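Enquirer: For reference, the structure I am asking about is given below.
The values are calculated or read from the model by the stated rules, or taken from the named source; none is laboratory data. This one's a predicted model, so the numbers in the text were calculated from it and none came from an experiment. Note that each Cβ is placed from the backbone with ideal geometry, even for glycine, and that neighbours are counted across all protein chains shown. Just the protein is used for accessible areas: all its heavy atoms, side chains included, with ligands, DNA and RNA removed. Shrake-Rupley method; radii C 1.70, N 1.55, O 1.52, S 1.80 Å.
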Amino acid sequence: MSGPWPNQAYLDALRPTSGGEVTGAILASYSADVVSIVAALLALAGRDNDEGSGGKADLAEAIELLRGKVRILIQRGRLARPKRIPGLAGILDQFIREIDFDEDERSWHPKIALVRFSNGANSEQWQLWLGSRNLTAAMNREFGLFLTSNHDPKSDAMSVAGTGEMAARLAEHAKLDGFRPTKLKAVLDKMRWDQPNKLRVERITLTKGKNGAAALPNIEEADEVIAVSPFLDGTVVKAIGSWGGPKTKRTLLTTRPELAKLAGQAAKPLAGFGDRIFVLESPPQEEVEPSSSENVNEDAEDEAEQLVIGLHAKILAARKGKALRLWFGSPNATQRAWMGANAEVIAEASAPAHVQEGLEALLHQAHPVSAAELQKLRPPEEDASAERLEKARRRFVAVWRGGLSREGNVFVLESGKPPHPADEEVSVEAGLASTNLVTWPRGQASLPLGTFPLSLHTQLMQFRLSLGELSCSWLQCVDVTPPLDVERDRHAIARHLGMSAFLAWIAALLGDDYSFGETGDPWDETRPGSGSQESLFDPRVLTLDAMLACWARDRARFKRACTRIDNYLGPILAEADTLPPGDVDRLRDFQSVWAVVSSELLKER
């Protein structure tokens, strides 16, 4: 399941440089999936491999390094449930904060990564990424902006209006101790950023939704206009198609289903683009979720964000002579994005006209749509049952106000009142993400989930709604009373690691050339480490010489290894029933040797 995460450029924006570390990060996305969240955490900790993945020990170390420093903000109900939930998915709850927007009205839709790094000597650097890419493994054509802070007063770095306000808004949602909104705004307002080659970023806006919607630009003079958007509605497309004057060349790049949605509308929203309409085809898909026509469901573009489609970039460009203006980020060419209640991130930039060559290259990959083809396009037929199920899912997520109560290891899901959809043919199942689904009887306000060991505790729930043979499922964070603490993490990681991955972790911490991201079982391997039958003190793994060498070379590193062993060896031994025969005895032997070595060395201080 882990596999390569197919966007290294995004991960590059998250990864610390050699010798540096992440001291705080806020990531925002409309939707997310478990593989992509783990890829981001591994990159932030500097523990990912060349494929955007890593081993069990890598993820364990990443969680230790990033606890309390990272938040991932997503639209509630938009965390995808994989067919097989990895064993460590439950402890990702601490990094996720869901934005409680009712998607019948508005969506949390920005895609942002704001990261603070420390490189020692009180030096601090910031990196900001924004664009169209969700925190998912979808393979799309995306567009993004990457900025790096620069404190050198002699550099050409510039301040960018709106970054402080954007950061403060993110911090209000994230609730990280190290990211106080007022202080963060003051810091980012003064920040100077290296500008991308030949591009000048003038403003970044995180719209507030409702009364703080973005204003669609009104371009009165332009020689050329280009609009790139995978999702459309007639009002915005018609407005863009009227930019400039009679001689303005206007181009639209979108997807075929969206063209079909607009082609037959009486208002002729596509008329302003003449014969300059292009589509990028979607790659083959195993599953396609239904989307609704504009007049039935305005936010169809948000729903389809989860799909694997060919085009996902969102760009508006207007050229006048040798000057080019750009608007890009997360908003589609829809009322919901530009004139409605969505929260969106938008960058405004200026550039010389030849920067437009990049857009032209994208158009050369697309298929022009003739007037005859346009007339033949018809919106896809709607699946009434799928629409019913999707409507039920939206309302379930929107009105959910429940939580988990626990007494020791006994969990009960409470909702205040029965959460079942009004459609009586729709059934509900729920369960901890680390356990199985349980049918929720209609009319009941609470659902006993069962008794689970500490290693399976989580505030991440899985829900599934079913209508006949159709079903939809997702993951969602809920409050837990009393709250979970760090011991849950240690027991969950211990259960997942097993002896082999645990020893690989410690060896990586002690070693000088023992690399993370290249050894051990993949992080999402469900079978606990089998435990090698080789000697525990194999020269490549853990030897007395390796312990002493680490102490002599880097005492801070040695002490960090001590902390990890103190925190995790006990929980791993407590999971003895999950370990292969003989591993418990080998771990106890290691515990005895380590206790002697570490106590003697630490006494030497």
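Enquirer: For the range 371-394, give me each residue that is open to solvent by 80 Å² or more (accessible area, probe 1.4 Å), part of a helix (DSSP H, G or I) and either under 30 Å from residue 277 (Cβ atoms) or in contact (Cβ under 8 Å) with a residue 60 or more places away in the chain (or both). Steps first, please.
Expert: Initially, the range 371-394 is screened for residues open to solvent by 80 Å² or more (accessible area, probe 1.4 Å), giving 375-376, 378, 380-382, 388, 391.
Right, trim to part of a helix (DSSP H, G or I) and you get 375-376, 388, 391.
Matches in the range 371-394: 375, 376, 388.
Enquirer: So, in the range 59-78, of the ones that are open to solvent by less than 10 Å² (accessible area, probe 1.4 Å) and over 17 Å from the mean Cα position of the chain (by Cα), which residue ends up farthest from residue 461 (Cα to Cα)?
Expert: 61
Enquirer: Here is a follow-up. Could we say that residue 24 is part of a strand (DSSP E or B) and either more than 21 Å from residue 107 (Cα to Cα) or of a type in the set (Lys, Arg) (or both) here?
Expert: Criteria met by residue 24.
Enquirer: Using the structure shown, decide if residue 178 is out of contact with any Cys (no Cβ under 8 Å at 6 or more places or on another chain), of a type in the set (Gly, Ala, Ser) and either in a loop (DSSP other than H, G, I, E, B) or free of Cβ contacts under 8 Å to residues at least 24 places away in the same chain (or both).
Expert: Spelling it out, residue 178 is indeed out of contact with any Cys (no Cβ under 8 Å at 6 or more places or on another chain), of a type in the set (Gly, Ala, Ser) and either in a loop (DSSP other than H, G, I, E, B) or free of Cβ contacts under 8 Å to residues at least 24 places away in the same chain (or both).
Every residue, every condition in (1) aliphatic (A, V, I, L, M); (2) touching a Pro at 6+ places or on another chain (Cβ under 9 Å), yes or no:
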site	(1), (2)
326	yes, no
329	no, yes
355	yes, no
370	no, no
375	no, no
414	no, no
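Enquirer: Return the total of residues in the range 238-268 being in contact with a strand residue (DSSP E or B) (Cβ under 8 Å, 6 or more places away or on another chain), over 15 Å from residue 279 (Cα atoms) and not small (Gly, Ala, Ser).
Expert: Result for the range 238-268: 4.
Enquirer: Report whether or not residue 540 is at pLDDT below 75 and over 18 Å from residue 600 (Cβ atoms).
Expert: Details: at pLDDT below 75: yes; over 18 Å from residue 600 (Cβ atoms): yes.
So residue 540 passes the test.
Enquirer: Kindly list the number of the only condition in (1) in a helix (DSSP H, G or I); (2) in contact (Cβ under 8 Å) with a residue 60 or more places away in the chain that fails for residue 205.
Expert: Residue 205 satisfies all of (1) in a helix (DSSP H, G or I); (2) in contact (Cβ under 8 Å) with a residue 60 or more places away in the chain except (1).
Enquirer: Further question on the same structure: Looking only at the range 575-592, which residues are closer than 17 Å to residue 505 by Cβ and assigned to a helix (DSSP H, G or I)?
Expert: As a first pass, look at the range 575-592 and keep what is closer than 17 Å to residue 505 by Cβ: 575, 578-579, 583, 586-587, 590-591.
Answer for the range 575-592, where residues must be closer than 17 Å to residue 505 by Cβ and assigned to a helix (DSSP H, G or I): 578, 583, 586, 587, 590, 591.
Enquirer: Right, here's the next one. Looking only at the range 160-203, filter to residues that are of a type in the set (S, T, N, Q) and closer than 13 Å to residue 128 by Cα; which one of those is least open to solvent (accessible area, probe 1.4 Å)?
Expert: Ranking the qualifying residues of the range 160-203, first place goes to 163.
Enquirer: Which count do you get for residues in the range 230-244 that are of a type outside the set (Asp, Glu) and not in a helix (DSSP H, G or I)?
Expert: Total meeting the criteria: 7.
Enquirer: Which residue pairs have Cβ atoms under 7 Å apart, sit 6 or more places apart or on different chains, and have a first residue in the range 560-571 that is over 12 Å from residue 598 (Cβ atoms) and a second that is basic (Lys, Arg)?
Expert: 567/490; 568/490; 571/490
Enquirer: I need the full set of residues from the range 208-229 which are among the hydrophobic types (A, V, I, L, M, F, W, C) and in a strand (DSSP E or B), in order please.
Expert: 225, 226, 227, 228
Enquirer: Have a look at 128, 73, 145 and point out the one that is closer than 30 Å to residue 355 by Cβ, modelled with pLDDT of 95 or more and hydrophobic (A, V, I, L, M, F, W, C).
Expert: That would be 128, the only listed residue that is closer than 30 Å to residue 355 by Cβ, modelled with pLDDT of 95 or more and hydrophobic (A, V, I, L, M, F, W, C).
Enquirer: Could you go through the range 245-253 and let me know if any residue there is outside any loop (DSSP other than H, G, I, E, B), over 17 Å from residue 363 (Cα atoms) and more than 30 Å from the chain's Cα centre (by Cα).
Expert: No, the range 245-253 contains no residue that is outside any loop (DSSP other than H, G, I, E, B), over 17 Å from residue 363 (Cα atoms) and more than 30 Å from the chain's Cα centre (by Cα).
Enquirer: Can you pull out the residues in the range 395-413 that are outside any loop (DSSP other than H, G, I, E, B) and either hydrophobic (A, V, I, L, M, F, W, C) or in contact with a His (Cβ under 8 Å, 6 or more places away or on another chain) (or both)?
Expert: 396, 397, 398, 399, 404, 406, 410, 411, 412, 413, listed by residue number.
Enquirer: Mind checking which residues of the range 93-144 are in contact with a helix residue (DSSP H, G or I) (Cβ under 8 Å, 6 or more places away or on another chain), of a type in the set (Asp, Glu) and open to solvent by less than 10 Å² (accessible area, probe 1.4 Å)?
Expert: Those that are in contact with a helix residue (DSSP H, G or I) (Cβ under 8 Å, 6 or more places away or on another chain), of a type in the set (Asp, Glu) and open to solvent by less than 10 Å² (accessible area, probe 1.4 Å): none in the range 93-144.
Enquirer: Filter the range 222-246 down to the residues that are charged (D, E, K, R) and modelled with pLDDT of 95 or more, then identify the one that is surrounded by the most Cβ atoms within 10 Å (Cβ to Cβ).
Expert: 224
Enquirer: Can you find a residue that is open to solvent by less than 20 Å² (accessible area, probe 1.4 Å), small (Gly, Ala, Ser), over 14 Å from residue 11 (Cα atoms) and touching a residue at least 24 places away in the same chain (Cβ under 8 Å) anywhere in the range 44-58?
Expert: yes
Enquirer: Here is a further query. Going by what's in this entry, would residue 596 be described as within 14 Å of residue 503 (Cα to Cα) and in a helix (DSSP H, G or I)?
Expert: Judged against the criteria, residue 596 is not a match.
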